[in-house]
Amino acid sequence: MHTFSHTPHSGTFLATIDPRVKLLFSLALLLMVISGSGFLLPLTAAVLSLGCCFSSGIRLKTLALRFAEPLFIIFMVVLLKLFFTGHSPLFSVSTFGLEVTGYREGWQEGLLIAARIIGAVSVVNALACVTPFTGLMAAFSWLRLPQTFIDIVLFAWRYLFLIHDDARVIYAAQKNRLGYCDYRTGLRSFGTLAGTLVIKAFDSSRTITTAMEQRGYDGNMPMLKHKPFRIREVAVSLTFIFCLGLLWKI
Amino acid sequence: MVKLFLCITLLLVAAPAQAMHISEGILPLPWAVLWYALALPCVALGIHRLNALAKEDLSFKPLVGLMAAVVFIISCMPVPVPTAGTCSHPCGTGMAAILLGPWISSLIAAVALLLQALFLSHGGLSTWGANIFSMGVIGSIAGFFTFKGLRTMGVPLGLAAFFAGLQADWATYLATSVELASGIRGSEPFLPLLEKILLAFVPTQLPLGILEGAMTAGMVMLLYRKRPDILVKMRVLSAGEAAENG
């Protein structure tokens, strides 16, 4: 869960930029990364974004954990591409009497996909690292995502950590009482855990609604109010996008 | 023979179940747009349905938010998969679909996937549409209609929930494989690549489906024993069926 709970340093320069500018910039960069056909742009985006992540004070371990799954996917995709795509042999290895051939075209395609994944994952991580959650949701709301959707995300975010604590306590209690000693018992315990969490969610939703109604809740969550765009931030972002657009062309 | 050897090698690689989320950046733009176009109407339907329910009862919005948090947490809980020698994570969409219907369940999956994409790098923003479509839409529809179909045929509650969870998981796995194969195939033919991807994820996804089924059945049976009022409110059971339980 600590992978999840990184809070950006509020004093850094990047944290003070309007979340809408950061969101639009990230989305534009993401579009360029996934639509490009070269290595230069994704790798440049990765370097810039990782720099932003570290400037926000994120720990290396947290970042490494966030990259674990994409790296595993890269590994699988490169293997699939290397051995199953292409015609020009790159290398050949004999193992257990079998000849395994890697192909040049597959290797290149695999590496291109790998670069795109690293670039895109870095961009999204940078956005999440340098933007407070409420600011990010306000920016999504400004982008005309339905208010109900934003409300549900805010509720989920607000109660995620509480439900996680409950889940951890129940899981630890089950584990201490040999609730996961074999597969069959583990399945039963996991079902009980899921059911208990659902019951807690139902009961909490009633309590939360009552408490919120007393404070004037009418079905809509209040959002952060945006200040007008600052010309300098927009101009710098556009310049960056233009320069990265040139790399996209290469 | 060589291809068979490679497939077996890939099978032996322990594949974590987060692999059911398509990673950020893996899909080319046209495919990403297509999956968005297919997923968003279903999420919109979920929002429409939730707004209608929230007009009758204001607590539905917090409830759906909390259910999204539960689905998120459940999909982060590590459970050992004996055949793969690794830990896997269920999706939780079958469970949400049984309780809240397929469209609100798609909305819940969209919320959970957005949080996972932003803060865990499981899935992504460019692949959000694809992941909503496979996990949220296909998973929920498969789970919901399996449950309803089996209940109509008189299958007991626990067994119907088990198969709903199982179907939700396997349908998600199948849809994800189709999305992945179409996205990364390049100039390669589609079907052979799909076969390889399906084979590569068999060691985790087959037992994971059983785990998901057992979890869903356990959850529904716990509610049936302890809190049948919740099942009645969610129209999973009629008041008469709940009364039989005492």
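Applying the Karplus relation 6.51 cos²θ - 1.76 cosθ + 1.60 with θ = phi - 60° to region A:15-30 yields 3J(HN,Hα) values of 5, 8, 5, 3, x, 5, 5, 5, 5, 5, 4, 5, 5, 5, 5, 4 Hz, where x marks Gly and Pro.
For the pair region B:168-246 / region B:84-162, the C-alpha centres are spaced 6 Å from each other. A quarter of the convex hull surface defined by the alpha-carbon atoms of region A:147-219 gives 5.7 nm² as the mean projection. So which lysines pass the test for residue B:196, namely a Cα distance under 25 Å, with those fewer than 8 places away in the same chain ruled out? In chain and number order, the partners are A:81, B:3.
Estimated purely from DSSP H runs of n ≥ 4, each contributing -39500 (n - 2.57), the mean residue ellipticity at 222 nm for chain A is -25000 deg cm²/dmol once divided by its residues. Across region A:116-122, computed HN-Hα scalar couplings (Karplus, 6.51 cos²θ - 1.76 cosθ + 1.60, θ = phi - 60°) run 4, 5, 4, x, 5, 4, 5 Hz from first to last residue, x flagging Gly and Pro. Taking amide H positions as modeled 1.01 Å from N, with prolines and chain starts lacking one, the residues under 5 Å from residue A:100 and 5 or more places away or on another chain are A:93, A:94, A:95. Between residue B:243 and residue A:233, the FRET efficiency estimated from the beta carbon spacing at R0 = 45 angstrom works out to 0.10.
Ignoring aspartates and glutamates fewer than eight residues from residue A:175 along the same chain, the ones with Cα atoms less than 18 angstrom from its Cα are A:165, A:166. As a proxy for reagent exposure, ranking A:116, B:225 by other Cβ atoms within 10 Å from fewest up yields B:225, A:116.
Expressed as an acute angle from 0 to 90° and rounded to the nearest 10, what is the orientation of the C-alpha long axis of helix B:102-119 relative to the principal long axis of chain B? For B:102-119 against chain B, the angle is about 50 degrees. Within region A:107-250, the proportion of C-alpha pairs whose separation exceeds 21 Å stands at 67%.
Under a Gaussian network description of chain A, with springs only between Cα atoms under 10 Å, the residue in A:13, A:54, A:133 that fluctuates furthest is A:13. Counting only alpha carbon atoms, the long axis of helix B:190-226 and the longest principal axis of chain B meet at about 20°.
Cross-link pairs exceeding 18 Å between alpha carbons, from the set A:22/A:225; B:55/B:233; A:200/B:61; A:22/A:249; B:61/B:148; A:225/B:55: A:22/A:249; B:61/B:148; A:225/B:55. Apply the a/c threshold of 1.5 to the C-alpha gyration tensor of region B:109-188 and tell me whether it is rounded, prolate or oblate. Oblate, because a/c is 1.5 or more while a/b does not exceed b/c. Structure remark: mean-square fluctuation, Gaussian network model of chain B, C-alpha springs under 10 Å; the largest value among B:161, B:44, B:130 belongs to B:44. Put +1 on the Cβ of every Lys and Arg and -1 on every Asp and Glu Cβ in chain A; which of A:120, A:45, A:157 then has its Cα farthest towards the positive end of the dipole? Result: A:157, furthest along the dipole toward the positive end.
In this label model, residue A:214 and residue A:35 are separated by 5.2 nm, measuring between points 7 Å along each Cα→Cβ vector. Computed on the Cα atoms alone, the convex hull of chain A gives a volume of 192 cubic angstrom per residue. Note on residue A:87 and residue B:225: with the Förster distance fixed at 41 Å, the Cβ-Cβ geometry gives a FRET efficiency of about 0.10. If R0 is 35 Å, the Cβ-Cβ spacing of residue A:184 and residue B:233 corresponds to a FRET efficiency of close to 0.65. Largest GNM mean-square fluctuation across A:16, A:196, A:44, computed for chain A with C-alpha springs under 10 Å, falls on A:196. Ordered by the count of other Cβ atoms within 10 Å of each Cβ, fewest first, A:99, B:24, A:233 give A:99, A:233, B:24.
The Cα trace of the protein assembly as shown gives Rg and Dmax of 23.0, 75 Å, the first to one decimal, the second as a whole number.
Taking the fewest neighbouring Cβ atoms within 10 Å as the starting point, the ordered list for B:126, A:56 is A:56, B:126.
When peptides A:134-143, B:136-145, A:213-222 are ranked by their average number of other Cβ atoms within 10 Å per residue, the highest-first order is B:136-145, A:134-143, A:213-222.
Values in this text are rule-based calculations from the coordinates and carry no lab data. From a predicted model like this one, the values you see are computed outputs, not experimental measurements. So basically every Cβ, Gly included, is an ideal-geometry build from the backbone, and we count neighbours across all protein chains shown.
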